[in-house]
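Asks: If you scroll down you'll find the structure; I have some questions about it.
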Amino acid sequence: MKTKLFYVVMGLALGLNPLKAQQTPAYLDDTQPIEVRIKDALSRMTLEEKVKLCTAQSKFSSHGVPRLGIPEIWMSDGPHGVREEILWDSWGNAEWTNDSCTAFPALTCLAATWNPQMSAIYGKAVGEEARYRRKDILLGPGVNIYRTPLNGRNFEYMGEDPFLSSTMVVPYIKGVQSNGVATCVKHYALNNQEAWRGHIDVELSDRALNEIYLPAFKAAIVEGGSWSIMGSYNKVRGEHACHNDLLLNKILKGEWKFDGCVVTDWGGAHDTKEAALNGLDIEMGSYTNGLSSGKNFAYDNYYLASDYLKGIKDGTYPLSGLEDKATRILRLIFRTAMNSKRPWGSFTTEAHYDVARTVAEEGIVLLKNEAYKKKGTILPLDGNKYRTILVVGENATRRLTEGGGSSVLKVKKEVSPLTGLQTKFGDKIKYTLGYASGSAAYDSENEATYNTDSLHAEAVKQAADADLIVFVGGLNKNHFQDSEGADRKSMALPFGQSELINDLLKVNKNIVVVLLSGNAVEMPWVKNIPSILQAWYLGSESGNAIANVLTGEVNPSGKLPFSFPVKLADNAAHSFGTISYPGDSIKEIYKEDILVGYRWHDTKKIPALFPFGHGLSYTQFKYGKAATDKNNLSGAEEITVSVPVKNIGSVKGKEVIQLYVGEEKCSVLRPLKELKSFQKIELAPGEEQTVSFKIGVGALKFYSETAHDWVSEPGRFKLYIGSSSTDIRSTVSFILN
Ligand code: GLC
């Protein structure tokens, strides 16, 4: 009988290490560095298994390696909440009963807080919900720049300024990824409209590309460390963004040294050769329109499926390209699905509702609050002053987490503005619909249909007897409103709202207008309305946040992340004919170049209705004189500019002190001034704080199209310290040697 020793000796002689037999393979061993695990996994995988990693197997999952126990990657929308489960191979909802989520505010609201701490708590919370729902990639955040007020998806993004978007996106990404869930920053790049989004070919200067449209993506990758990024549907300089040599190979993976995965937008891949060679890693949603329709079970025909495998085998495509794709995908898997140290997440907790409400409260912008009839300002609302408060408008009751495209959410809770106000004021509150977003609105609860004239007349009738009117309107998530897949057709408030507001004013001037939207709207009635609030799509806690701000329980501190032009023609993209927007259906040229948003309004001296960075408070802030620690700056030095700020009002409040920089003379056109820093501080009544900013030469540079790099030119620079991009409280200048 052969002893155990005999077998051990024999085993050793055959090179079988008995310890190894018990030892976990490196790719399965969490204690091993990820790069070791990747190499080990690749050494065990077949060619077919590596190619399989690069494509979807269903609507929202991509292949794993079943034979090796390497799991699939599960993805879900979206940027402000985890979308309900979608069916395997259709856009239909799976009708699960455990996936009603917390709706956090849309990202325009997050940007409007101008408070990076809000991004940090937001990212962590939405990441906990994605983790709990067992998702490995959360398909967001979106950071496309707000170029036109008509873009249907602006509500998903962070506004018109690259510095604000860059600053606000980084903590969000870190917060989500702290849960072991990857973000997928999108849509890279130049997807600044929905019109012809699937193919429009964007042309623009290198300066506009580098100074305006890339910075937020660069920050998301280089500072935020996003583990994945989503290519956009459109073309850039002739190549689809999802397999674009300039954007993906040269800039993203070359200059920015991105080590994660490039994922297509759903249906964004169009060519095997380009997909093989131009930096794409995971192909999703091919043969769908990314929204509602698609070819069934087309997965084997994907560009990176059998055609790609054939091309690898016959040498058309280099094996090194496949190795790189598989390496990146495995790295994402080891950071997420195979990371046993990641936390477990949580779902629809009170803590998450608190985050949603806090962000909403900090993001609401008080646009106007002027004294009315020498009775002082209407806001903050003092309930004791009114017998009846009439709430008018469909957005006071409409569910705004529904619709809008892929960022749609099925929620456990959505507190409406009407409910929020009823909670505060009980039966003082009366309500009438006022306007409806369908031509003949159908009220499913009361099985009634209305015609808009009767709604309009009823609201005016009731307004005559009310002490105060709170009009809650704006846009909604309907097609051609704030929604994916199409742009708005005009900047006007839809559904007869402005006409209604004007008719309400004829019978009662005591009106507060609350706008819920993700885009700027025209306000022909603006001079006659004493108080206006810009409240975004605020999610589950919407009504509570709005009521808390209206009553002054929370002092508003939001600032606009994009300009509100008086009219569409005042916007830069709409100043150069259709080739500039929406394009000629094939090509579009960003003719305004770097002059986007306030850069346009400032430089062309076209006043905005409400400017970038604008937002009032229930208190007032007095700024002292700005001073610098030096008058000359050279080389690697920094200049410090300080300014005292004092709360001279009667309530505690937060203020965003904004620092803009402008070069007085330069060899190239530069905007009058550009946002280069900001700080949000809270001051008690009477409290004063000196706020300081450090500015280095980096903040003074522009992108040179001759040097193909960022350069600075010596000369005089001006520092503008302000409470908005036009409310400049102090300036100071210095010389760059
Ligand atoms: C959509 C959107 C994208 C979304 C994806 C999956 O078309 O453009 O933002 O994440 O498809 O729904």
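The values are calculated or read from the model by the stated rules, or taken from the named source; none is laboratory data. Only a predicted model underlies this, so the values are computations on that prediction, with no experimental measurement involved. No Cβ is skipped: glycine too gets one built from the backbone with ideal geometry, and neighbour counts run over all protein chains shown.
Asks: Those residues that are farther than 14 Å from Glu129 by Cβ, within 12 Å of the ligand (Cβ to nearest atom) and outside any strand (DSSP E or B), I need them from segment 68-92; list them, please.
Replies: Trp91
Asks: One residue is enough: does segment 247-257 have a residue meeting the conditions surrounded by fewer than 24 Cβ atoms within 10 Å (Cβ to Cβ) and in a loop (DSSP other than H, G, I, E, B)?
Replies: Yes, segment 247-257 contains at least one residue that is surrounded by fewer than 24 Cβ atoms within 10 Å (Cβ to Cβ) and in a loop (DSSP other than H, G, I, E, B).
Asks: Now for a separate question. Name, by its number, the condition in (1) at pLDDT below 95; (2) buried (at least 18 other Cβ atoms within 10 Å of the Cβ) that does not hold for Pro671.
Replies: (1)
Asks: From Ser704, Ser634, grab the single residue that is at pLDDT 95 or above and of a type in the set (S, T, N, Q).
Replies: Ser704
Asks: For segment 684-727, what are the residues that are closer than 14 Å to Val645 by Cβ, among the hydrophobic types (A, V, I, L, M, F, W, C) and surrounded by 16 or more Cβ atoms within 10 Å (Cβ to Cβ)?
Replies: Val691, Phe693, Ile721
Asks: Here's something else I'd like to know. Going through segment 126-163 one residue at a time, which ones are away from the ligand (no atom under 16 Å from the Cβ), surrounded by fewer than 24 Cβ atoms within 10 Å (Cβ to Cβ) and closer than 25 Å to Thr348 by Cβ?
Replies: Tyr132, Arg134
Yes or no, residue by residue, for (1) surrounded by fewer than 16 Cβ atoms within 10 Å (Cβ to Cβ); (2) away from the ligand (no atom under 16 Å from the Cβ); (3) more than 22 Å from Ile137 (Cβ to Cβ); (4) not assigned by TED's automatic domain parsing to the domain that holds Leu47:
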residue: Asn296; (1), (2), (3), (4): yes, yes, yes, no
residue: Leu309; (1), (2), (3), (4): no, yes, yes, no
residue: Lys313; (1), (2), (3), (4): yes, yes, yes, no
residue: Lys325; (1), (2), (3), (4): no, yes, no, no
residue: Gly345; (1), (2), (3), (4): no, yes, no, yes
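Asks: Any residue that is within 26 Å of Ser119 (Cα to Cα) and touching a strand residue (DSSP E or B) at 6+ places or on another chain (Cβ under 8 Å) - is there at least one of those in segment 88-101?
Replies: Filtering segment 88-101 down to residues within 26 Å of Ser119 (Cα to Cα) leaves 99-101.
Now drop any that are not touching a strand residue (DSSP E or B) at 6+ places or on another chain (Cβ under 8 Å), which leaves 100-101.
Checking segment 88-101: at least one residue is within 26 Å of Ser119 (Cα to Cα) and touching a strand residue (DSSP E or B) at 6+ places or on another chain (Cβ under 8 Å).
Asks: Another question about this same structure. Condition test on Ala275, is it within 27 Å of Leu87 (Cα to Cα), within 16 Å of the ligand (Cβ to nearest atom), free of Cβ contacts under 8 Å to residues at least 40 places away in the same chain and surrounded by 21 or more Cβ atoms within 10 Å (Cβ to Cβ)?
Replies: So Ala275 does not fit the description; no.
Asks: Regarding Gly518, is this residue within 16 Å of the ligand (Cβ to nearest atom), within 19 Å of the chain's Cα centre (by Cα) and in contact (Cβ under 8 Å) with a residue 60 or more places away in the chain?
Replies: Spelling it out, Gly518 is indeed within 16 Å of the ligand (Cβ to nearest atom), within 19 Å of the chain's Cα centre (by Cα) and in contact (Cβ under 8 Å) with a residue 60 or more places away in the chain.
Asks: Okay, next question. Any idea which residue in segment 278-294 is farthest from the ligand (Cβ to nearest atom), counting only those that are closer than 16 Å to Ile329 by Cα and among the hydrophobic types (A, V, I, L, M, F, W, C)?
Replies: Leu280
Asks: Among the residues of segment 460-484, write down those that are touching a strand residue (DSSP E or B) at 6+ places or on another chain (Cβ under 9 Å) and farther than 22 Å from Asn154 by Cβ.
Replies: Lys461, Gln462, Ala463, Asp465, Ala466, Asp467, Leu468, Ile469, Val470, Phe471
Asks: Looking at this structure, is Thr108 of a type in the set (Val, Ile, Thr), crowded, with 24+ Cβ neighbours inside 10 Å and away from the ligand (no atom under 14 Å from the Cβ)?
Replies: yes
Asks: On the given criteria, is Lys559 of a type outside the set (Val, Ile, Thr) and surrounded by fewer than 24 Cβ atoms within 10 Å (Cβ to Cβ)? Can you show your working first?
Replies: On the way: of a type outside the set (Val, Ile, Thr): yes; surrounded by fewer than 24 Cβ atoms within 10 Å (Cβ to Cβ): no.
Judged against the criteria, Lys559 is not a match.
Asks: Give the residue that is surrounded by the most Cβ atoms within 10 Å (Cβ to Cβ), with candidates limited to residues of segment 186-231 that are assigned to a helix (DSSP H, G or I) and within 16 Å of the ligand (Cβ to nearest atom).
Replies: Here the residue is Ala216.
Asks: Test each condition in (1) acidic (Asp, Glu); (2) on the phi > 0 side of the Ramachandran plot; (3) not in a loop (DSSP other than H, G, I, E, B) for Glu128 and report the one that comes out false.
Replies: Going through the list (1) acidic (Asp, Glu); (2) on the phi > 0 side of the Ramachandran plot; (3) not in a loop (DSSP other than H, G, I, E, B), Glu128 breaks only (2).
Asks: Suppose we filter Tyr213, Tyr233 for residues that are within 23 Å of Ala486 (Cα to Cα) and in contact with a Lys or Arg (Cβ under 6 Å, 6 or more places away or on another chain); which single one remains?
Replies: Tyr233
Asks: Which count do you get for residues in segment 253-268 that are under 15 Å from Ser62 (Cα atoms) and either away from the ligand (no atom under 15 Å from the Cβ) or small (Gly, Ala, Ser) (or both)?
Replies: Selection size over segment 253-268: 1.
Asks: Which number in (1) in a helix (DSSP H, G or I); (2) touching a helix residue (DSSP H, G or I) at 6+ places or on another chain (Cβ under 9 Å) marks the one condition that Ser320 misses?
Replies: (2)
Asks: Among the residues of segment 332-358, how many are β-branched (Val, Ile, Thr), part of a helix (DSSP H, G or I) and over 16 Å from Gln117 (Cα atoms)?
Replies: Final tally of qualifying residues: 1.
This table checks each residue for (1) of a type outside the set (D, E, K, R); (2) out of contact with any Leu (no Cβ under 9 Å at 6 or more places or on another chain).
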{"site": "Ser226", "(1), (2)": "yes, yes"}
{"site": "Ser232", "(1), (2)": "yes, no"}
{"site": "Lys250", "(1), (2)": "no, yes"}
{"site": "Gly260", "(1), (2)": "yes, no"}
{"site": "Val263", "(1), (2)": "yes, no"}
